[in-house]
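Undergrad: Mind looking over this structure? Questions follow.
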Amino acid sequence: MSSALQKRIGIALFLGAAIAASAFAGCAYFEYDAAPGRPFILYNITLADSYLGIVHVSGRVLGSAARTASLGTFLGADGKRMEPIDFGAKGLDGTQLSFREKDETWTIESKGRDFSFEYDVALTVDDRHSVDVRDIMTFIDADRCRLLGRDVFLVPEFPIEEGIVVDFVMRPGWRVSSSATCIRSRIVVNDPADLPFTMTVSGEYRSLERRVGGSEIVLAIAGSWSFSDEEFFDVVCRIVSEEIALFGSSPRSRYLIICDANNAAGEDRFDYYGVHYGASMMLLLDRNLDRSELMDTPMAIIAHEFFHNWNGEALAPAGDEFLWFTEGVTNYYSYYVLLRAGVISAAQLEDRSRAIFERYRSNPYAANVSIGEAANSDMSDKNMVSLLYDGGYLAARNLDERLREDSGGRVTLVDVLKRMYENAHGSGTADESSLLSAVKELAGSDLSGYLQTLVHTPDPKPLVSRASALE
Ligand SMILES: [Zn+2]
């Protein structure tokens, strides 16, 4: 699989715990006029067995002139790959084609002809109760399903025409919503590189659509809630609108936002989770979420995940050691955006800041682990995950205040973030040195010593003295 594809696997998470603190009609016509050597591919997906979670995938490759054609799996969470069952390939006249499998790649002896292939995939339904929400994007139930592309597609490892067509007929009559362009049960993935990250839902999801700041926002929501779909969607759109305004434009033209119940089980679970993959974001909320909480801090989960479009995806952390910035700055701005969108008041924001600070202070890791060393690789290590999000929030807040002081109110943290994005053009990654140079360019100050203390020392002094002012 190409490294360009692998690079886009970046996952972003947000966790919230409600008690303690904070914690993507009509007539359709497609013309297949591929250039020579640029074949096009059409997939068809059906649900073979909802109880066992088995999906049947077939594909047709048309216009291929090469002797062989290879299809590969995509690397998923924790190094797991999709495992096709009963793979087979045929010429369009029905003759069986031979193929070989090596290193998770299936190479078909197509001899320059059009061909079709098919396989089944068993999707592990057990994962739906896992605290590692990275595994529960894909979900199959008797009445609905959501599928992340990488969990079902064998991806062509040869140049293909843009505009991959997928007929997504899981069950007759099931409606489809997707992060890709969608017409009835057919989706069109414009950029082949997006296929693994294309999220599609089908079945008992209600769908709402609105244009916000130049982007199409689609909400797919399942089950019953204490609030109406429309009022929830209204909060979503206000938040999205504020964030697009903050950055001036949005990286993508279409987003799918999925709202479903959080089924993660066990002591280590958070009350709600957010996961963001390219053009889709998933919000797993507590079914008991009170209607009044639509105007309260739990909605930070929406602001947080959407903010990752910029900080996390367009500007990705160069390594785990910069996660504090990606998660911390995103966490910090999620509440700021709620305030700007009129979802929360200044008093609610200060309450939340105080709660984050208190939880940070009572975190058993805080005395020995610096914010920069905190991680979210093990989602069941709740204290370590909280250290990253709470510590990151406080570090971002302190950094923002310091920038405002140094520049006489002229420079804010979001200005620095935008400058880092401009400077990273080409690489799209961020690290501490790109942060420090953006600060120097904008505010003229050298904050290397300050950052050393703030994020690389356990229980940092500047953090404590500043956040104490909230009490
Ligand atoms: Zn996040």
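The values are calculated or read from the model by the stated rules, or taken from the named source; none is laboratory data. No experiment lies behind these values; they were computed from the predicted model shown. Neighbour counts run over all protein chains shown; Cβ positions are idealised from the backbone, glycine included. Ligands, DNA and RNA are excluded from the accessible area calculation, which covers all protein heavy atoms including side chains. Shrake-Rupley method; radii C 1.70, N 1.55, O 1.52, S 1.80 Å.
Undergrad: Under 4 °C and 1.567 mPa s, how fast does the chain diffuse according to Stokes-Einstein, given a Kirkwood radius computed over C-alpha pairs? Answer in µm²/s, whole number.
TA: 55
Undergrad: Right, here's the next one. With equal scatterers on the alpha carbons only and no solvent term, can you work out the Debye log10 of I(q)/I(0) for the stretch 316-468 at 0.10, 0.14, 0.20, 0.21 1/Å?
TA: Summing over Cα pairs of the stretch 316-468 leads to -0.33, -0.67, -1.35, -1.46.
Undergrad: A follow-up question, please. Share of the stretch 316-468's accessible area from carbon and sulfur, percent, 1.4 Å?
TA: Its accessible area is 48 percent carbon and sulfur atoms.
Undergrad: I would also like to ask the following. Using the per-residue mean of other Cβ atoms lying within 10 Å as a proxy for protection, in what order, highest first, do the peptides 229-240, 82-93, 360-371 fall?
TA: Result, highest mean first: 229-240, 360-371, 82-93.
Undergrad: May I ask you to derive the relative contact order of the stretch 316-468, considering only C-alpha pairs under 8 Å and at least 6 residues apart, and to give it as an integer percent?
TA: Once divided by the residue count of the stretch 316-468, the mean separation gives 30 percent.
Undergrad: Sticking with this one: Give me the lysines in straight-line cross-link reach of K440: C-alpha distance below 21 Å, same-chain residues under 8 apart excluded.
TA: K418
Undergrad: Can you order the peptides 383-390, 150-157, 110-117 by their average number of other Cβ atoms within 10 Å per residue, highest first?
TA: Answer by packing, highest mean first, reads 383-390, 150-157, 110-117.
Undergrad: Separate question: Enter the accessible area per residue of the chain (Å², integer; probe 1.4 Å; all protein chains in place).
TA: With the other protein chains kept in place, the chain gives 40 Å² per residue.
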